[in-house]
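I have placed the structure first, in the form of structure tokens, so that the comments after it can refer back to it.
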Amino acid sequence: MSASQPVILVTGSDIAPEALDLLTNYEIVFAGQRPTEDDLCQLCEKHDPVAIIVRYGKINARIMDAAPHLRVISKHGSGIDVIDQKAAAERHISVQSAPGANAAAVAEHAWAMILACAKSVVPLDQRMRQGHWDKSTHKSVELEGKTLGLIGLGAIGARVARIGNAFGMNVIAYDPYAKTLPDGCHAASLDALLHNADVISLHCPLTDDTRNMINRDTLALCKKGAILVNTARGGLIEDDDLLRALDDGTISWAALDSFPVEPLTAPHVWQHVNNVILSPHIGGVSSTSFVKMGTAAARNVLKVLAEPMESAGALP
């Protein structure tokens with residue numbers, strides 16, 4: 001590897017070998033598993049990268065200013081809320097994402113969590129290990145004929161919808177930006193969705209409009225005993241309001257894969273809540289999606305760096 005090769009900074013400790021194979025003309029610098037803002041600024045000042053592939057952490061204006069030749073910030077995945085897009089646009093830095101690269105993985109994880117809630121997988125396992133046999137008293141939730149409400153209907157939400165149809169559920173969705181609906185899926189207002197859905201699954205990006213959209217007021221609209229699953233972004237939910245809804249039975253179960261501040265460190269609010277299932281934001285990470293996200297992020301970098309300087313700009 002030549003010392004004169006331009007640098008691509010990866011805000012993580014690895015990317016797929018298939019992605020690295022696409023970037024052989026560049027020196028790849030890894031920032032480590034949990035890089036801080038100061039870490040990233042120091043690496044940018046030292047290496048002056050032309051591109052940043054974002055796996056972990058946030059990219060703000062200070063980090064961008066530490067890399068004067070930075071031309072593209074490419075998300076290893078679809079959620080670009082961790083990148084200051086306004087600051088990037090002001091600096092003519094392109095912001096790229098890889099929508100759909102992890103859609104199968106996230107949709108499957110959402111269904112794993114839905115089923116775990118509906119079928120009481122975790123508490124039944126715990127009870128069995130304690131020596132109990134609850135066959136005569138336990139009743140699980142049968143999903144056939146129930147209503148699945150999807151908030152967000154992109155690549156992931158559409159997959160979840162199709163699986164809901166396979167289970168024989170009534171599938172409704174709220175997404176003001178969706179141009180088409182999957183077969184068997186019907187549009188609904190947010191209020192109508194919350195009022196009718198037995199299972200609510202979040203699949204929308206985190207924006208100023210969606211931040212804390214699941215709160216005291218919207219939870220009050222929910223059908224008593226609904227299941228809430230979030231494999232999207234933690235900031236969509238007001239945690240304290242969800243905690244109250246879980247306590248009073250408005251929500252019977254919640255399953256959370258994303259959190260407003262990550263990683264969660266003990267003690268945290270969910271640690272002793274029995275009707276919550278937790279996973280550490282791994283819904284989109286499978287052996288297959290890891291390759292898809294890495295290669296998509298790499299190709300996005302190469303696409304922008306191949307453009308003339310004057311045409312490279314931030315994407316919406």
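Remarks
- Label-to-label distance, LEU115 versus SER287, with points set 7 angstrom from Cα along the beta-carbon direction: 1.9 nm.
- Shape category assigned to the range 1-100 from the gyration tensor of Cα positions, a/c cut at 1.5: rounded
- With R₀ set to 22 Å, the beta-carbon distance separating ASP240 from VAL261 gives a calculated FRET efficiency near 0.95.
- Taking the longest Cα principal axis of the chain as reference, the axis of helix 103-118 is set at about 30 degrees.
- Close amide H partners of THR147, meaning residues 5 or more places away or on another chain with modelled amide H under 5 Å apart, are ASN170, ASP198, VAL199.
- Kirkwood Rh, Cα atoms: Rg over Rh of the chain: 1.02
- Candidate cross-link partners of LYS303 among the lysines, defined by an alpha-carbon separation under 19 Å and a same-chain spacing of 8 or more, comprise LYS75, LYS292.
- Separation in nanometres of the label points that stand 7 Å from Cα toward Cβ, at GLU144 and ALA192: 2.7
- Part-to-part distance (alpha-carbon centres) for the range 165-193 and the range 1-64, which is given in Å: 39
- Two-site label geometry, GLU18 and ASP38: point separation in nm, points 7 Å out along Cα→Cβ: 3.9
- Degrees, to the nearest 10: 287-305 long Cα axis against longest axis of the chain: 40
- Relative contact order computed over the range 103-284 (Cα-Cα under 8 Å; 6+ residues apart), in percent: 21
- Relative contact order, percent, the range 44-90 [alpha-carbon distance under 8 Å, six or more residues apart]: 45
- The range 277-284 - phi-based ³J(HN,Hα) in whole Hz, Karplus 6.51/-1.76/1.60, Gly and Pro as x: 10, 10, 9, x, 6, 10, x, x
- In sequence order, the range 36-52 has phi-based couplings of 8, 4, 5, 4, 5, 4, 5, 5, 5, 5, 6, 10, 6, x, 8, 8, 10 Hz under the Karplus curve 6.51 cos²θ - 1.76 cosθ + 1.60, θ = phi - 60°, and Gly or Pro positions carry x.
- Net charge dipole, the chain: roughly 700 debye, given to the nearest 20, about the Cα centre with Cβ charges of +1 for Lys and Arg and -1 for Asp and Glu.
- Equivalent ellipsoid semi-axes, the range 116-196, via Cα gyration tensor eigenvalues times 5, rooted, Å: 33, 12, 11
- Rounded to the nearest whole Hz, the Karplus-based 3J(HN,Hα) values (6.51 cos²θ - 1.76 cosθ + 1.60, θ = phi - 60°) of the range 229-238 follow the sequence 10, 10, 10, 9, 10, x, x, 6, 10, 7, with x at glycine and proline.
- By the helix-only formula, in which each DSSP H run with n ≥ 4 contributes -39500 (n - 2.57) and the sum is divided by residues, the chain has a 222 nm mean residue ellipticity of -9500 deg cm²/dmol.
- Near-label residues of the range 87-123 by backbone N, under 18 Å of a point 7 Å along Cα→Cβ of GLU307: 87-99
- Among ALA158, ALA87, ALA266: highest mean-square fluctuation, GNM of the chain, C-alpha pairs under 10 Å: ALA266
- Positive-pole candidate from LEU236, VAL121, ALA266, dipole of the range 103-284, charges at beta carbon: VAL121
- Ordering ASN275, THR218, SER287 by the projection of their Cα atoms onto the charge dipole of the range 170-316, which places +1 on the Cβ of Lys and Arg and -1 on the Cβ of Asp and Glu, puts SER287 at the extreme positive end.
- Using only side-chain charges placed at the Cβ, +1 for Lys and Arg and -1 for Asp and Glu, the dipole size of the range 107-164 relative to its Cα centre rounds to 60 debye.
- When the range 1-103 is described by a simple charge dipole with +1 on each Lys and Arg Cβ and -1 on each Asp and Glu Cβ, the residue from HIS92, GLY12, ILE73 located farthest towards its positive end is HIS92.
- Compactness relative to 2.2 N^0.38 Å, alpha carbon Rg of the range 103-284: 0.99
- For ILE83, distant residues with modelled amide H under 5 Å away: ILE59
- Measuring nothing but how far apart in sequence close Cα pairs (under 8 Å, 6+ apart) lie, relative to its length, the chain scores a relative contact order of 20 percent.
A short reminder: the numbers here are calculations on the coordinates, not readings from a lab. For clarity, every value in this text was computed on a predicted model and none was experimentally measured. Please note: Cβ atoms are built from the backbone with ideal geometry, for glycine as well, and neighbour counts cover all protein chains shown.
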